[in-house]
Amino acid sequence: MSAPGNDAGNDTGNDAGNDTVTGLADGVLTLTFRRVAQHNALTWAMYDALVAACDRADTDDAVRVLVVRGDGGRAFVAGTDIGQFAAFTSGADGVAYERQVTAVLDRIRAVEVPTVAAVDGFCVGGGLGIACATDLRIATPGSRFGVPIARTLGNCLSARTLDLLVETLGRGLTADLLLTARLLETGEARLVPGFLHAVVDDLDAGLTDLTGRLASGAPLTIWATKELLRRPPGDRGDDTAVVERVYGSADFRGAVAAFGAGSRPEWTGR
């Protein structure tokens with residue numbers, strides 16, 4: 001995967017040619033995959049644009065939420081474009097690829113602001129990995145989820161990606177989807193605890209409601225929650241620095257004063 005693309009800080013810009021577009025509005029940075037004819041199957045450059053969006057989310061103070069979605073209404077992401085594998089000549093190429101995918105998924109998980117996958121249609125292969133790496137997922141009723149590689153390419157996932165799916169979907173369902181190569185319908189997916197934040201008929205309206213709620217929250221509370229949740233359960237380590245940063249912040253002091261005055265706090269992230 002090449003160096004990340006950059007939209008040069010514009011409110012709206014194209015990345016990876018015309019295959020992705022990034023826009024910022026009301027504190028929400030949205031990266032849209034737009035290879036509609038290919039069900040938004042990802043090229044290397046599109047992966048790079050995703051990493052660039054994550055980098056911008058962590059460096060642009062105007063960004064309060066990062067949303068990833070697919071254009072066209074047929075797919076969120078239908079995996080990696082199979083044509084990308086034509087140049088593979090050995091198992092070492094597969095190892096390098098899976099390590100790169102792992103790095104992308106880890107980058108999504110490391111983003112300090114809330115991340116949302118907006119799913120409309122197929123969310124399969126690498127698309128499911130991306131969705132599982134985000135904090136929250138919202139989907140339309142006709143969406144479908146899975147990793148049907150046992151009947152398509154005959155490849156495999158890295159242990160790290162497998163762990164991500166198990167963490168999000170559970171071991172049993174992860175095994176079910178990979179071994180049978182079936183796709184999970186939205187009706188079943190919404191029964192998986194914690195997997196889908198909401199199922200909505202109008203994805204844009206649902207996103208507006210969700211991102212508005214996320215963008216209005218206390219940035220340091222959100223940062224601390226994400227920082228500690230990234231650590232393994234039962235072994236989250238010393239939380240002193242995290243707790244000190246939050247309780248020592250101007251936001252916390254201002255919110256306490258605002259509560260006493262019966263007014264709403266104003267968040268600065270400091």
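Please list, in order along the stretch 181-196, the HN-Hα scalar couplings obtained from phi with the Karplus expression 6.51 cos²θ - 1.76 cosθ + 1.60 (θ = phi - 60°), rounded to whole Hz, x for Gly and Pro.
Residue by residue, the stretch 181-196 yields 6, 7, 9, 8, 6, 4, x, 7, 4, 5, 8, 6, x, x, 6, 10 Hz.
Given the chain, what percent of its DSSP beta bridges are antiparallel, to the nearest 5?
Around 35 percent of the beta bridges assigned by DSSP in the chain are antiparallel ones.
How many nm separate the modelled label positions at ARG264 and LEU229, each set 7 Å beyond the Cα in the direction of the Cβ?
The modelled label-to-label distance comes out at 2.4 nm.
Which label marks the calculated value of volume of the Cα convex hull per residue in Å³, given the options (i) 223; (ii) 128; (iii) 144?
(iii)
Anyone know which of ALA218, ALA57, ALA87 comes out most mobile in the 10 Å Cα GNM of the chain?
Judging by the Gaussian network model, the answer is ALA87.
For the stretch 87-187, take every pair of Cα atoms, bin their distances at 10 Å starting from 0, and report each bin as a whole percent.
Pairs per bin, as whole percents: 15, 47, 33, 6, 0.
Coordinate-derived values only; no laboratory data. In this text, all values refer to a predicted model and were calculated from it rather than measured experimentally. Glycine also receives a Cβ, built like all others from the backbone with ideal geometry; neighbour counts cover every protein chain displayed.
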